[in-house]
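Trainee: Shown below is the structure under consideration.
The values are calculated or read from the model by the stated rules, or taken from the named source; none is laboratory data. Every value quoted in this text rests on a predicted model; they were computed, and no experiment measured them. Positions of Cβ are generated from backbone atoms using ideal geometry, with glycine treated the same way; all protein chains shown enter the neighbour counts. Ligands, DNA and RNA are stripped out before the accessible areas are found, and what is left, the full protein with its side chains, is counted by its heavy atoms. Shrake-Rupley method; radii C 1.70, N 1.55, O 1.52, S 1.80 Å.
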Amino acid sequence: MSEAREGTLLQRILDADSRHDPYPLYDRLRERAVFQEPDGSYVVTGYAEVAALLGDPRLSADPANSPAPPSPPFSFLNMDPPGHDRVRRLTMRHFGPPNDPGRVEAMRPHLFGQATLLIDALRGRDEIDVVADVAYPFPVTVVADLLGVPREDEPKFHVWAEAIVQAADWDPRDRSPSAGVQAAIMELGAYMMGLIQAKRRDPRDDMLSRLANDDGPEGALSSPELTGVAILLLLAGHETTVNLIANGMLTLLRKPDVLARLKAEPGLETPLVEELLRYEPPVHFTFRSTLADVDAGGVTIPAGSAIRLMLACANRDPARFQHADRFIPDRANNAHLGFGSGIHACFGAPLARLEGQVALREMARRLVDPVLLDEPPPYRINPTLRGPRRLRVRIAGVID
Ligand code: HEM
């Protein structure tokens, strides 16, 4: 069929009908490592090219530099150096070494406890929805506790987060944020600003309190800066790890041999989660624009161009990964791009890894004879943050 009749290959990938399995289309997309869409934007598909561009300082993550219609910026995710580096550095002080080395590892018992509570609650059920019952509530509770956001406010975030994340779907043909999204961002911003003021007055042992009262050598982030950081962390914690756990369980249900290995081999969850981040990554692509002419994959991308970097497509590049379409739970040298790379490489990766490992290991261990009920399951519309909307599973019981 001609492109005119059915749209370009990329447009077919973005179409909701392709969501359950974009990988055969990615294989075709990868026939050209770098190419231009009819709207003038560029698409980068090969592993070597995506990895190189993620580390290239001539690319900008700031939507203000993009020729595409404006989209809401999310704190340091959408900033360039030197501003990016300062805000990320100040935020990182309270999330890991050297200033706060134990922060994530100290959460392990808490994570285990939360996963245990959620799985205990499945006792007596013969059908569960992995998304609603575990994959969603687990990381949401964890990130709320990390930041010090009251759990009872979660239903409000769910609505705001959904509205905002849908808008982050970047369609070069129409990217203006809708009025609903603007309203959701304003409401979430006002909520966070109030919470931060409360944390400045009455600090607790949580990350927002520490950030709000930082007395480090560079001082604290300003209130607007910290509001942006809090929104970014809350959304990133809501909308990505959910897909890691849901895509992970789906993969295990489709591959009973791997599920059996995970039950039998303690420690397998560590490389298995890395392979999931390669094979079924929660984030399928990201966006940049060029600040100068950039050569990639034999193409010169002119300054001022919008670029879509296809992380999930690069993760299946046979030029980088042997048996790229096979799920190998203990794959060695797994330099996947599931968390991106370069200066914007995922800030929350240590926490996301731990969450995925704990949730998948505990579900594999405790759910008796799980059987997938919908093949394929229904997917969320979002092509960027890709994952099942619902994952119905029949179980024969829950063990301790
Ligand atoms: C499995 C779950 C996750 C995946 C797959 C994931 C993936 C990613 C990717 C691909 C990027 C790079 C985006 C780009 O280059 O444009 C990124 C950035 C980021 N992630 Fe994650 N993420 C996950 C979980 C989390 C969590 C739990 C948090 C917070 C606690 C988080 C916070 C961030 C932040 C703040 C950035 C921006 C970093 C920067 O611009 O310097 N992520 N993530």
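Trainee: Is there a residue in segment 341-357 that is away from the ligand (no atom under 16 Å from the Cβ) and open to solvent by less than 20 Å² (accessible area, probe 1.4 Å)?
Mentor: The initial filter retains those residues of segment 341-357 that are away from the ligand (no atom under 16 Å from the Cβ), namely none.
So far as segment 341-357 goes, no, none of its residues is away from the ligand (no atom under 16 Å from the Cβ) and open to solvent by less than 20 Å² (accessible area, probe 1.4 Å).
Trainee: Answer yes or no: is there a residue in segment 381-391 that is in contact with a Ser or Thr (Cβ under 7 Å, 6 or more places away or on another chain), basic (K, R) and within 30 Å of A64 (Cα to Cα).
Mentor: We begin by selecting, within segment 381-391, every residue in contact with a Ser or Thr (Cβ under 7 Å, 6 or more places away or on another chain); these are 385.
From what's left, basic (K, R): none.
Checked segment 381-391: no residue is in contact with a Ser or Thr (Cβ under 7 Å, 6 or more places away or on another chain), basic (K, R) and within 30 Å of A64 (Cα to Cα).
Trainee: What number of residues in segment 315-340 are open to solvent by 30 Å² or more (accessible area, probe 1.4 Å) and among the acidic types (D, E)?
Mentor: The qualifying residues number 2.
Trainee: Restricting to segment 113-124, give me the number of residues that are surrounded by 14 or more Cβ atoms within 10 Å (Cβ to Cβ) and not β-branched (V, I, T). Quick ask: steps written out before the conclusion?
Mentor: Kept after step one, since they are surrounded by 14 or more Cβ atoms within 10 Å (Cβ to Cβ), are these residues of segment 113-124: 114-116, 118-119, 121-122.
Filter once more, keeping what is not β-branched (V, I, T): 114-115, 118, 121-122.
Result for segment 113-124: 5.
Trainee: Which pairs turn up if I take residues in segment 254-274 that are within 14 Å of R331 (Cα to Cα) and open to solvent by less than 30 Å² (accessible area, probe 1.4 Å) and look for partners that are in a helix (DSSP H, G or I) and at pLDDT below 95 with beta carbon separation below 8 Å, at least 6 apart in sequence or on another chain?
Mentor: none
Trainee: Looking at D295, D325, which one is away from the ligand (no atom under 16 Å from the Cβ), free of Cβ contacts under 8 Å to residues at least 60 places away in the same chain and over 16 Å from the mean Cα position of the chain (by Cα)?
Mentor: On the way: D325 fails: free of Cβ contacts under 8 Å to residues at least 60 places away in the same chain.
Only one candidate passes the filter, namely D295.
Trainee: Would you say A335 is within 16 Å of the ligand (Cβ to nearest atom) and hydrophobic (A, V, I, L, M, F, W, C)?
Mentor: So A335 fits the description; yes.
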